[in-house]
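Q: One structure is given below, represented as structure tokens, and several questions about it will come after.
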Amino acid sequence: MRNRARVWSIVVSVFGLVAALVFTFLFPAVKGLGTRVRLPVFHGSLTWANLVLFAVLGIVGIVAFFTTGERGQRTYRWVDALRITAVVLWLGGTVLGLIAARLSWDFSASQTSPWQLLLAEPRMQLQFVVSLVGVAALALPLVLGQGRLRSLIAGLFGVATLVGLYFAMTAGTGLHPDSPVMNSDELRIKLTFYLMFAGQLVLSAGLTAFVRSCYRQRNQRFGTHVAPLR
């Protein structure tokens, strides 16, 4: 039964990824960037899906702190799965964002190094800060065996990421261009973007379920040799 659930989580993940890629290639070319716009749009959509994960992590992590017993055990596993999935996708999105910015932003008018300009951009700074904190969050089980406290820290991390994004966006766009999706009047552009976003949400849900099943099987296999999720 558990193996079947894991297989289904993989199927859901693959389906979400394929759907997101299909709608990425269906995204229409725009004036200036042409088809190169698809990479930054995919990155932007993935960031949206990632922020949904962080929002859910914040809610579930804080709720889990006040949950005990068998229900708490199950909730702690979901918090760990959300934490791992959110951080791994964010790290991948950070690399993708750097590539997208380097290929699509115009640095020709500046004598400063493109990488130096990227590091000065508020949203890029947020990407790096969350990535660094996220790597530390991945190591939480190594230093915190108690599920309640680990869940609370993970939940606060999710909330802090959303707050950080708000301040990064209100600090000015810097080199970050206006969204070609939100500022477009074409239905095809917005519809393709939202379908791409939906595919990435499905991918995120499938990955979270897969990681959660791995945590459950590990605890059952090793029993007391693994720090208990309590």
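Q: Which numbered condition trips up residue 22, out of (1) more than 18 Å from residue 207 (Cα to Cα); (2) over 17 Å from the mean Cα position of the chain (by Cα); (3) modelled with pLDDT under 90?
A: Going through (1) more than 18 Å from residue 207 (Cα to Cα); (2) over 17 Å from the mean Cα position of the chain (by Cα); (3) modelled with pLDDT under 90 one by one, residue 22 breaks only (3).
Q: Can you pull out the residues in the stretch 18-75 that are more than 30 Å from residue 187 (Cα to Cα), in a helix (DSSP H, G or I) and touching a helix residue (DSSP H, G or I) at 6+ places or on another chain (Cβ under 8 Å)? Break it down stepwise before answering.
A: So in the stretch 18-75, the residues more than 30 Å from residue 187 (Cα to Cα) come out as 57-75.
Applying the additional criterion that residues be in a helix (DSSP H, G or I) yields 57-65, 69-75.
The answer is 57, 58, 59, 60, 61, 62, 63, 64, 65, 72, 73, 75.
Q: Another one. I'd like the residue in the stretch 158-200 that is crowded, with 20+ Cβ neighbours inside 10 Å and aliphatic (A, V, I, L, M) and, out of all such residues, is modelled with the highest pLDDT.
A: The residue in question is 196.
Q: When residues of the stretch 64-83 are filtered for being farther than 11 Å from residue 148 by Cβ and over 19 Å from the mean Cα position of the chain (by Cα), how many remain? Outline the logic, then answer.
A: The initial filter retains those residues of the stretch 64-83 that are farther than 11 Å from residue 148 by Cβ, namely 69-71, 74, 77-78, 80-83.
With over 19 Å from the mean Cα position of the chain (by Cα) added as a condition, the list becomes 69-71, 74.
Counting residues in the stretch 64-83 that are farther than 11 Å from residue 148 by Cβ and over 19 Å from the mean Cα position of the chain (by Cα) gives 4.
Q: Is it true that some residue in the stretch 115-129 is modelled with pLDDT under 85, touching a Lys or Arg at 6+ places or on another chain (Cβ under 9 Å) and part of a helix (DSSP H, G or I)?
A: yes
Q: On the basis of being loosely packed, with under 13 Cβ neighbours inside 10 Å and at pLDDT 85 or above, does residue 150 make the cut?
A: Values: loosely packed, with under 13 Cβ neighbours inside 10 Å: no; at pLDDT 85 or above: yes.
Here the answer is no, as residue 150 does not meet what is asked.
Q: Contact list please: Cβ distance under 9 Å, first residue in the stretch 155-182 and small (Gly, Ala, Ser), second residue modelled with pLDDT under 70 and in a loop (DSSP other than H, G, I, E, B), pairs at least six apart or on different chains.
A: Taking only residues 6 or more apart or on different chains, the pairs are 174/120.
Q: From the list 145, 69, 92, 58, which residue is crowded, with 19+ Cβ neighbours inside 10 Å, of a type in the set (Gly, Ala, Ser) and either over 28 Å from residue 196 (Cβ atoms) or modelled with pLDDT of 75 or more (or both)? Spell out the reasoning first.
A: On the way: 145 fails: crowded, with 19+ Cβ neighbours inside 10 Å; 69 fails: crowded, with 19+ Cβ neighbours inside 10 Å; 92 fails: crowded, with 19+ Cβ neighbours inside 10 Å.
None of the other options fit; the residue is 58.
Q: Please find, within the stretch 133-142, the residue that is surrounded by the most Cβ atoms within 10 Å (Cβ to Cβ) out of those that are at pLDDT 85 or above and under 14 Å from the mean Cα position of the chain (by Cα).
A: Residues of the stretch 133-142 that are at pLDDT 85 or above, as a first pass: 133-136.
The next check asks that each one be under 14 Å from the mean Cα position of the chain (by Cα); those that pass are 133-135.
Numbers: 133: 15, 134: 21, 135: 12.
Filtering the stretch 133-142 for residues that are at pLDDT 85 or above and under 14 Å from the mean Cα position of the chain (by Cα), the one surrounded by the most Cβ atoms within 10 Å (Cβ to Cβ) comes out as 134.
The values are calculated or read from the model by the stated rules, or taken from the named source; none is laboratory data. Not measured: the values here are computed from a predicted model. Note that each Cβ is placed from the backbone with ideal geometry, even for glycine, and that neighbours are counted across all protein chains shown.
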